[in-house]
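Written below as structure tokens is the structure these notes are about.
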Amino acid sequence: MKSSDPDVSPPAGASRRLLFAGVAGGAALAGAGLAWWRLRPGDLAPGVAGEAGQLWNLAFDTPEGGRLAMAAFKGRPLLVNFWATWCPPCVEELPLLNQFHQERASAGWQVVGLALDKPEAVQAFLKKIPLQFPVGIAAAEGAALSKSLGNVAGGLPFTVVLGEKGGVLHRKMGKVLASELEQWSAIR
């Protein structure tokens, strides 16, 4: 190459930035793939075997002071949402879940919210933002239950869709979208 030829090599540091960007992009794709693989509906926690297992035998205190027996929901499609008052995405999705409950109840759909929170916090929250679907105070027991249903990361919000026969049909880590609720409403 002559000294009069323009320099066609990338500017100093650009090659390194491209390499780092490629590695970061590959890591992000690998992480997304791992998350999908670990949270796909067919990949349930040991002992669950496609059923909600111990869920149907549990009962939770309600914010009003009663008991919420999960066995009462067996036999019809059920969306169970694990949430907390201190979780911004949880709080953001609750109106959407409430709307789903109101629109789909006549089609047999049920929604239950299990709050991994203190009773006082849930009571105060529900005074500001009332929900039409039943809410149980699950606290630490709810965290273990969500893990048994496939929430391997233990994050919130976490949603599980159960079919008429009690089997886990779908689950979602993170805030649900209206389009997902629409898709789920077609499964039984």
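The values are calculated or read from the model by the stated rules, or taken from the named source; none is laboratory data. In this text the structure is predicted, and so the values were computed from the model without any measurement. Glycine also receives a Cβ, built like all others from the backbone with ideal geometry; neighbour counts cover every protein chain displayed. Note: areas computed on protein heavy atoms with side chains; ligands, DNA, RNA excluded. Shrake-Rupley method; radii C 1.70, N 1.55, O 1.52, S 1.80 Å.
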Checklist outcome for this item: So GLU64 and GLU180, fully extended at 0.36 nm per residue minus their Cα-Cα distance, gain in nm 38.7 nm
Checklist entry - What is the gain in length, in nm to one decimal, between LYS74 and ILE187 on full extension, counting 0.36 nm per residue of separation less the C-alpha to C-alpha distance? => result 39.1 nm
Item to check | Surface per residue (accessible, 1.4 Å probe) for the range 65-107, Å² | outcome: 46 Å²
Next on the checklist: Shape verdict for the range 63-115, please, from the Cα gyration tensor: rounded (a/c under 1.5), prolate (a/b greater than b/c) or oblate.
Outcome noted: oblate
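What are the GluC sites (Glu not before Pro) within the range 138-188 that DSSP puts in a loop, where the Cβ has at most 16 other Cβ atoms within 10 Å?
Qualifying residues, ordered by number: GLU164.
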Next on the checklist: Given R₀ = 22 Å, what would the calculated FRET efficiency be for GLN132 paired with VAL152, taking r from the Cβ atoms and rounding to 0.05?
Outcome noted: 0.10
Checklist outcome for this item: Of all chymotrypsin sites (Phe, Trp or Tyr not before Pro) in the range 84-188, the ones in DSSP coil with at most 13 other Cβ atoms within 10 Å are TRP86
Checklist entry - Where the accessible area of the range 89-154 is counted over protein heavy atoms with a 1.4 Å probe, how much of it, in %, is carbon and sulfur? => result 56 percent
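Of LYS128/LYS172; LYS127/LYS165; LYS118/LYS175; LYS127/LYS175; LYS147/LYS175, which ones are farther than 24 Å apart at the Cα?
LYS128/LYS172; LYS127/LYS165
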